[in-house]
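Worksheet: the structure to be examined is printed underneath.
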Amino acid sequence: MKILVVGGGGREHAIIMKLAESPRTEKLYCAPGNGGISRYAECFDVKATDIDGIVALAKKLAVDMVVVAPDDPLVMGMVDALNAEGIMTFGPDKAAAIIEGSKAFSKDLMKKYGIPTAAYETFTNAGEAIAYIKKQGKYPAVVKADGLALGKGVIIAQNEQEAEEAVRSIMEDKIFGESGSKLVVEEFLTGPEMSVLSFTDGNTVVPMISSMDHKRALDGDQGLNTGGMGTVAPNPFYTEAVAKECMDKIFLPTIKAMKAEGRTFKGCLYFGLMLTPDGVNVIEYNCRFGDPETQVVLPLLDADLVDIFEAVYKGTLSDIDIKWKKQSCACVVMASGGYPKKYPTGLEMSGMDDKGQVDGVFVYHAGTKYADGKFLTAGGRVLGVTATGDTLQAALDKSYEAVKKINFENAHYRTDIGKRALSAK
């Protein structure tokens, strides 16, 4: 098969490396790709959001399959456009991708179908939202932009002043653009967070290995929210009993709810979960592979990803035997100094061996470009330095050993990835 992957980050690099393992893969393409991806797939300078451009490229290359990885093109309807041309495509169509495209939609879906989630209200008026928060008088309060915001559209306000600032910055200052013209105010839940990606063809749902993300920029879960500073898998809080509760009360009900709404979901559905004292609650849905969760989940997959993607498309997922390696995986994100705010790009990088110069490590590229035989930084999150090991500690030790061998000016990374998972045992 000739396969085109849409996107250009660490998630796409991880997908490409797994597709490359399949004996069914003849040639890999990526648009737009990045410096690291260009070593394994032929890259084309077409934006991930350019629907007409991607369709034209897929036809020109006569590909057998397209994998649409990022949220924006899915929510915009790229899968619909590719399917209309008869091209086998992995990812949900526009009608199903709204589960991530609108927080208000996903919250209303959960309320309607009795799927456990935090209490909430939706607003299109800043004054009404602020009045509601003041009336509730409960802090922290969670304020979410309704639409897509690069994984950063959530503000946890610790007091009334922060809550008012959050509402005004989202709805009036438009810090997340039009994504903030509607917002959701949610009760603040406490407990360990768990990320579970799943394959689904709209009828069958196969959860992948669980993972734990680290969203805050600084050690000790301090600092600003980011797209993710590292991940570990499996998540020790996601026990067999918790997995069963999730399947019965969340995973299957969500798939059935979407089908009942005429929005059958086919692709990768991400469940962001919290284990509260009252049971598991859904924090958020994503309509695609998470980043950087994918970087720790796919290395542990012991099955052919091409077979899985094809089965999801054809509705035959129940026929596929999906197994997982009995190992742990850790990913430490190396970011540009200043991320998630302003940061420079174009910095030269050294120590850039794919295998991270350490046995059992692979370096996924998120924001890099390759020019004149050199790797340069080209984004906020630059690399996902990932390792597998027989234990989580072994995987973390390898990841951090490899991190120390890679250099670029003002490189920033957290030194406590996996700490909470280790202390849970």
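Rounded if a/c is under 1.5, else prolate if a/b is larger than b/c, else oblate: which is region 330-395, with a ≥ b ≥ c the root eigenvalues of its Cα gyration tensor? Because a/c hits 1.5 or more and a/b fails to exceed b/c, region 330-395 counts as oblate.
Just so you know, the Rg over Rh for region 272-340 is 1.06, from Cα atoms, with Rh as the Kirkwood radius. Shown in residue order for region 19-29 are the 3J(HN,Hα) couplings computed by the Karplus curve 6.51 cos²θ - 1.76 cosθ + 1.60 at θ = phi - 60°: 5, 5, 6, 6, x, 7, 7, 9, 8, 10, 10 Hz (x for Gly and Pro).
When the convex hull of its Cα atoms is viewed from all sides, region 224-375 shows a mean projected area of 12.6 nm². Here's the picture: a label point sits 7 Å out from the Cα of K419 along the beta-carbon direction, and within region 187-218 the residues with their amide nitrogen under 18 Å of it are 191-193, 212-218. Couplings for region 207-213, taken from phi via the Karplus curve 6.51 cos²θ - 1.76 cosθ + 1.60 with θ = phi - 60°, read x, 8, 5, 6, 9, 10, 8 Hz in order; Gly and Pro are left as x.
How much length is gained if the chain between M1 and D372 is pulled fully straight, taking 0.36 nm per residue apart and subtracting their Cα-Cα distance, in nm to one decimal? Write out the running numbers ahead of the final one.
On the way: separation 371, 0.36 × 371 = 133.56 nm, distance 3.09 nm.
Fully extending the segment from M1 to D372 adds 130.5 nm.
With only alpha-carbon pairs counted, each pair once and no self-pairs, how large is the Kirkwood hydrodynamic radius of region 94-245 in angstroms?
Values: mean 1/r = 0.0593 Å⁻¹.
This gives a value of 16.9 Å.
The P(r) of region 17-133 has a tail past 17 Å containing 65 percent of all C-alpha pairs.
Straight-distance candidates among the aspartates and glutamates for linking to K404, with alpha-carbon spacing under 20 Å and chain neighbours fewer than 8 residues away dropped: D219, E348, D353, D354, D359, D416.
Rounded to the nearest whole Hz, the Karplus-based 3J(HN,Hα) values (6.51 cos²θ - 1.76 cosθ + 1.60, θ = phi - 60°) of region 292-297 follow the sequence x, 4, 4, 5, 9, 7, with x at glycine and proline.
Annotation: per residue accessible area for the chain equals 40 Å², rounded to a whole number [probe 1.4 Å, protein chains only].
Sort 370-379, 96-105 for me by packing, meaning the mean count of neighbouring Cβ atoms within 10 Å per residue, highest on top.
Values: 370-379: 16.2, 96-105: 22.6.
For the peptides 370-379, 96-105, the packing ranking is 96-105, 370-379.
List the equivalent ellipsoid semi-axes of region 1-57 in whole Å, largest first, each obtained as the square root of 5λ for an eigenvalue λ of the Cα gyration tensor.
Numbers: eigenvalues 64, 33, 15 Å².
Ellipsoid half-lengths, sorted descending, are 18, 13, 9 Å.
Evaluated with a Cβ-only charge set (Lys, Arg +1; Asp, Glu -1), the chain carries a dipole of roughly 160 debye about its Cα centre, given to the nearest 20.
Counting every Cα pair in the chain, what percent are over 28 Å apart? Kindly include the intermediate steps, with their values, before the conclusion.
Working: 41978 of 90100 pairs.
Cα-Cα pairs in the chain separated by more than 28 Å: 47 percent.
Measuring nothing but protein heavy atoms, the accessible surface of region 295-425 at 1.4 Å probe radius is 44 percent carbon and sulfur.
Summarising the amide proton neighbourhood of G7: residues at separation of 5 or more, or on other chains, whose placed amide H is nearer than 5 Å comprise A31, G33. Excluding same-chain neighbours fewer than eight residues apart, the lysines reachable from K138 by a Cα-Cα span under 30 Å are K103, K107, K111, K112, K152, K174, K182, K215, K249, K341, K419.
Sorting 194-206, 303-315, 235-247 by average packing, meaning the other beta carbons within 10 Å per residue, from highest down gives 194-206, 303-315, 235-247.
Per-residue accessible area (protein heavy atoms, 1.4 Å probe) orders T316, T117 as T316, T117, starting from the largest. The local environment of C30, defined by Cβ-Cβ distances under 9 Å, has a net charge of -2 under the rule Lys, Arg +1 and Asp, Glu -1. A straight line joining the Cα centroids of region 33-47 and region 249-311 runs 27 Å.
The values are calculated or read from the model by the stated rules, or taken from the named source; none is laboratory data. Being a predicted model, the structure only gives us computed values, none of them experimental. Backbone-built Cβ (ideal geometry, glycine too); neighbour counts: all protein chains shown. To get the accessible areas, we keep the full protein, side chains included, count just its heavy atoms, and leave off ligands, DNA and RNA. Shrake-Rupley method; radii C 1.70, N 1.55, O 1.52, S 1.80 Å.
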